[in-house]
Structures are given as C-alpha cells and as structure tokens.
Amino acid sequence: MYKRIIAIVAAVMFTLLALLAIIITDLFDRDFPQAIDVKSRLILNFSESGLSIDEAFKLLEELDKRWNLGLVKVAPDLTNDDDRQIFVPLNEGDYPSEITWFGKDEVGKIVDKERLSTSYPDGFYLVTGETAHLDEFENTLVHSSIDVGRTDASIIHSLGFVVQEKGFTAAVIASSALIASMALFWLSLKAKGRALRVLAGSHTFRIQTQDLSSFGGALIISAFAVACISAVYVGVYHGWAYVDSFLKALIILLLAVILISLFVALIMSIAAWPTATMLATRVPAVKSLRSTAIVIKILTLLLIIATAGPAWKAFKQSEITAAEMAQWKKLSDQVALAFASETGEMDKLEPQIGEMVKDAESLNQVALSYTFTEDMMPPTGLKEFSAISYVNQRWLDLVTSNVPDRSLNQVSLTSLPDDLVQMIKEDFKIWSRSGNSEELIKKFQFFIPVDGYKIPVSIGGGDGKLQFTDKVLVVMVPSLYEAYNDSSLTSMASTGNIVFTGVDATQMLIHRHHLDVFSLRENGIKGELRIVYIAEEGILHAQYAAYIVWVLNFSLIALIIAFTVAAAISAMITAILQAKRDFPLRLSGCSWIRIIQERMVKDVLLVLSVIFLVSFVQGTDEIIAILIAGMYGLVVLPLSHWVATNWCFNGVIRRKI
C-alpha cells in the first residue's frame, strides 16, 4: 500500500520531468531536424576563400561525396515566399520530399540541388550522413580559407540550456521538494521497523541497503511506467523519429532525480538513526524525524504561496502569448537585413540602403516600427503614454489585419502635450533628410489604441522584439525616405525596425542596388548583407512562454503534493509524540478541536506569516492567488492534525501504537 503511494507521488514528479524532456526535444529538433537524422550543423563563410560560387559548390559536393557526409544546405525559398526554408542535398540520397518539426508548426521542403543556382555557398549546412571524417572535412575547408562554425547534435546541450533558464527553475525546485517529502514519508514508515532491527542486532549497512533498495525500487517502477507512457505519446502524436531524442533527455533527468532521491533518503536516514538511549527509554522512533518534517513542511508551504502568484500571472499571460504567436505568424513573410560588416563599411553603404528603402516604399514592400519606451526617454518625455512608436502605413496594414476597424483612434497634433510635440520636432531635426521638422511633422498622423486593444510595435534597437501595448502614441510617417536620412534608415534597418516583404522581392532589391556579395567585393567591402526572417525568434519566444505556463502549473501541483505529504507526516509524528496526552483527554470527553487547538493556532500563525512575507517580497499584484494558496494551507494543516490524532487514538485503542 505504502509503496503504491510512493509510486503515485513519484509519477507526478516524473511527469513533470517528461514535460521538461518534451521541451528539450522541441528545442533540439529546431536546430537538428530529426526527420532527416541531422548529426551536426555547420556555418560556412567563403568570403575570404577567393572561390567563385561554382567552385565553392563543386568543392563541397566532392568532399560530401568522398566522405558520405550527407550535406544538406538550408536556404530561403526564392520561388515561393510562403515556404520558410528549403533543404537542398548536395548529392543524391534517400531523403523524403518534405519534413516536419517536433512542434508541427511548419513544413520544410527537400528539393533538388538545381535550386541552388540562385544561391550563394555561404550559410547553414546540415550533416545527415556519416561523421567519421567530419574533422577531416572541417580541416580541409579551413586550409582553403573558408570560415567554419560547427555545432554537433547533443541533447545534453539542449538539456543544460533549459535547466539553466530562469523560467524552468520552478520545475527543479518542485522536484527537490517532492524528493524530500517522499524520503520523509518512506523513513517515517520504516522508523519503527528499523528500530526493532537495530535492537535485534542487524548490521547497519544491511538495514540501510534493504530500506534504500525498497525505496529505489518503487521509484524505478514509477519512472519506467512514466517513460513508457510518455514515449508512446511522443511517438503517436509527434512521430516515432523523435522518441530516441526524447528518451535520452528523459532518462538523463530520471536517473539524476532517482540518484538524488536515494542520496537524500540516505542522508535523512543517517541523521534519524535510532540511538541506544532512544531504544532504552522507548522513545517513538519517528521522533528523530520531527525537526526534518517541520522544516520540509514550512519550506513547501513557502514555495506553494511564492509560486502561486507567478503561476497565475503566467496563466493570465497565456492569452497574450497566443495573440503574440498569431501576430508573429502574420509577419512570417517579413524579412530584415543582417549586417555582417564593420561600422566604417556600413557608412559607405548608407546611400545605397536609403535608395533601396525608397524603391521598396514605392512598391509597398517595406514596413517601419521604431518604438521608444519609458526607460529609453527622459523622465517627463512621454507624459501619459508608456511608449511612442513611429510607424508607416504598411506596418499598420500588417498588424491590424483581422482586427476591428476602429482599433485606433486618430488624434490631432494640437491635442498632444507641448513638451511631447517639441521632443518629436527636436528628434526629427536630427533624423530627417531636410532638417525642416516643422513642415515635416504637419504631415504626420497620430493615433491612440482604443480601450482593450494592444497594438504590437517593435522596440527601437531591440532586434525586432515586439511589445503589445495600449498606452502608446502611434505616429505614422507618410514616407520613410522623406522622414529619415540615409544614416537613420541604415541604423533602423540594422536593428530589424525596418522590414521588407518577401525573400525573393528583397533579394531583387539587394541586387538592383548593388548590395549583393559580388557587388560589395568589387567595391572593396568585405562584409555582406544577409536576409533573415524576423518571425522565427519571435515564434520561438512565444512557444517558450507557453511552455513556461505549463511548467509553472505542473510545478505548483507537485509542490502541493509535496506540502500535503510533509504536513501529513509532521502531523502524524506530532500525534504519536502527544499520544500520552491526547488519549486520556479524548476518553474524558474532550472534543478533537480542543485537543489540537494549540497545534492549529501555531499552523494558522505560520500560514499568515508566510502570506505576509511573500506579499511583502512579491507585492500585492497577484494577492488573490497568494491568498488562495494560503487558504489551502489553512485547510490542510488543521485537517492533517485532526486526521493524524484520530488515527493515533484508534491505533492506541487497538494496541498498534
């Protein structure tokens, strides 16, 4: 019976670990697609090699064929903007026509190498074949003055990344609390039996080995059941190709937790070992666990109340996260320019980039959003607004599609605070092409989001990071080229605040304005401009936030179980130690409430103190969640005392205690 309870509690902890393993597998698959069995990821840069495009691809194809590396180039799809990426094997192989990822949020196509006719050899390559000669391949490229960046597929690396993240520490803490409560539960059950075996002269090592093997056996059975069920779930729902990576991550987590559990149980067992004095004076064997039980009870209560606020806040943010995910998907065909060049070289490119923006604007293929938040402005700069965002019509078209027509209210320039208007004028004296901000600002339109609508805007200098806010002043400039000089346009393009529509169209703009690699080399510029999708990192961030919601809520459940177990054990130990007092009081007709009222008062004061402490540290923003968690403590602690005292009374009557 008791082993079943331990197995069930352990299953909750291992389910939390399975959730972490799913997150790890998802992140691992994004870098190393398991659908084509990627073993390593390479970044190649041929800018210093002196090789032509054809020579570079020919070299890669020969080396790939010689060592059976299974090289696959990752490239943008220049023929269809709807496809995020294409995968191009350099030589023939057994590849599917398309691949999906663990998250099933998109599909990648595998195409013939003829599609590389419009591509450059620089970029990402995946190794899907043999890796025995991968070091040799890397050295050969380095000797040819080709810059090589290599990352081998390692589930341990992804595991370490997740465990180190602040948002996932709750799972680690919850697992630790469950470990301690399970060890306490097991030792409390074994306390009397161990005391009798010690009294009978059994060897200490034998007693410890028997107890730990029995405890570990219950954990292993539970871990095996969770691993089997979760592996079947991953295989059926996500695909059997991911089961291997998932099980590697899960087994590492399970082994670590089981070993830690056994170590904690051993330490607690040694600390609570029955002494000769205890045996001689017939002190209950569980007395040595009393201090440990109280400490675990207090810590788990503190963790529950401290976790309730963040978990509830994350749950409320899940709707915003879903909206952010949907918004990023609307921007899935928008690209930004990544500048791989020195500052001096960028200065030389400013006129060409300015003309490129002007050209794209005439085709309605460029969008601007540059937002200043409160921490980026003087203390009185924004007045009643939390941010000011400079946008163009194209950006509003992108982010306000599928929203009510009256999502933004237009306001007049005269209705804005004078200090704010003056600040805008001063800024555009620096940014504008003509320097005449007085005339330019008259052409601007000003908007404020309606109540309840949070418009997505891109943070200035934030590499395309979106912020959803309803306290923003939206300033729509009529023309990017007219409003900003070439230096400002280049700066905003380099930070992802100016984005272009479509890879194919943007590639044509780059060629048209002589910003491609060959044109830059002819002009003596060693750097280059690369096209990157702005939504990839945003979608990953939104998915990450969704994972954190699940982790926090599962962690809270685990902490509740740990606290309940610790409270029950602490109450049981107290009831056993107080049996000589409680039994005659009950026989004389005292009610249970009167018998345990002193213990109840202590626990009520404990809960109120923890609530006050957490509210003082975290603030009162999520006070409702904190109070609800505290109410759980106020219910469980007195109830556990009543149940334990009643159980002890019946045990004395039956002469079991």
- Item | Added length on full extension, which subtracts the Cα-Cα distance from 0.36 nm per residue, ILE251 to ILE430 | 58.6 nm
- Note the listed values (i) 31.7; (ii) 37.5; (iii) 45.2, then indicate which one is mean projected area of the Cα convex hull in nm² calculated from this particular structure. (ii)
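Shape of segment 426-523 from its Cα gyration tensor (a ≥ b ≥ c, root eigenvalues): rounded if a/c is under 1.5, otherwise prolate when a/b > b/c, or oblate?
Values: a/c = 2.50, a/b = 1.46, b/c = 1.72.
Verdict is oblate for segment 426-523.
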- Return the FRET efficiency for the residue pair ILE220, TRP647: r is the Cβ-Cβ distance, R0 is 25 Å, and the value is rounded to the nearest 0.05. 0.25
- Item | Calculated from backbone phi, Karplus (6.51, -1.76, 1.60) coupling profile of segment 507-520 in Hz, x at Gly/Pro | 4, 5, 5, 4, 5, 5, 9, 6, 10, 6, 4, 5, 5, 5
- Message: Quick check for you: which residues of segment 50-71 have the amide N under 17 Å from the point 7 Å beyond the Cα of ASN91 toward its beta carbon?
- Response: 56-71
- Task: With θ set to phi - 60°, apply the Karplus curve 6.51 cos²θ - 1.76 cosθ + 1.60 along segment 150-158 and write out the HN-Hα couplings as whole Hz, x wherever there is a Gly or Pro.
- Result: 10, 10, 7, 5, 8, 5, 5, 5, 5
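Once the Cβ-Cβ distance between GLU522 and THR620 is put in as r, and R0 is 60 Å, what FRET efficiency do you end up with, to the nearest 0.05?
Efficiency at R0 = 60 Å is approximately 0.40.
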- Message: Per residue, how much accessible surface does segment 570-657 expose to a 1.4 Å probe? Answer in Å², no decimals.
- Response: 59
- Task: Convert each backbone phi in segment 578-592 into a coupling constant with the Karplus relation 6.51 cos²θ - 1.76 cosθ + 1.60 (shift: θ = phi - 60°), then list the ³J(HN,Hα) values in order as whole Hz, x for Gly and Pro.
- Result: 9, 4, 5, 8, 6, 4, x, 5, 5, 5, 7, x, 5, 6, 4
- Please list, in chain and number order, the residues 5+ apart from PHE46 or on another chain whose amide H is under 5 Å from its amide H, with Hs placed from the backbone. ASP122
- Two-site FRET efficiency, VAL295 against ASN409, from Cβ-Cβ distance with R₀ of 56 Å, rounded to 0.05: 0.45
- Message: Amide H of GLU98 versus every other amide H placed in the peptide plane: which residues, excluding those fewer than 5 positions away on the same chain, fall under 5 Å?
- Response: ILE110
- Peptides ranked, highest mean first, by Cβ atoms within 10 Å: ranges 421-430, 15-24, 241-250: 15-24, 241-250, 421-430
- Message: What is the angle, in °, between the Cα long axis of helix 535-577 and the longest principal axis of the Cα atoms in the chain? Nearest 10 is fine, range 0 to 90.
- Response: 10
- Note on the structure: Length gained if MET377 through GLU136 is fully extended, taking 0.36 nm per residue and subtracting the Cα-Cα distance, is 81.4 nm
- Ordering of 613-623, 298-308, 449-459, 178-188 by burial proxy (mean other Cβ atoms within 10 Å per residue, highest first): 178-188, 298-308, 449-459, 613-623
- Measure off 7 Å from each Cα along the Cα-to-Cβ vector at SER609 and ASN402, then give the distance between these two points in nanometres to one decimal. 5.3
- Within the chain: Cβ-based charge dipole about Cα centre, in debye rounded to nearest 20 (Lys, Arg +1; Asp, Glu -1): 6200
- Query: Roughly how many nanometres apart are two label points built 7 Å out from the Cα toward the Cβ at PHE315 and VAL232?
  - Reply: 3.0
- Computed label-point distance, nm, for sites ILE5 and GLN597 using a 7 Å Cα→Cβ extension: 3.0
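The values are calculated or read from the model by the stated rules, or taken from the named source; none is laboratory data. Remember, predicted model here, so these are calculated numbers, not experimental data. Glycine gets a Cβ as well: all are built from the backbone with ideal geometry, and neighbour counts include every protein chain shown. Only protein heavy atoms, including side chains, enter the accessible area calculation; ligands, DNA and RNA are left aside. Shrake-Rupley method; radii C 1.70, N 1.55, O 1.52, S 1.80 Å.
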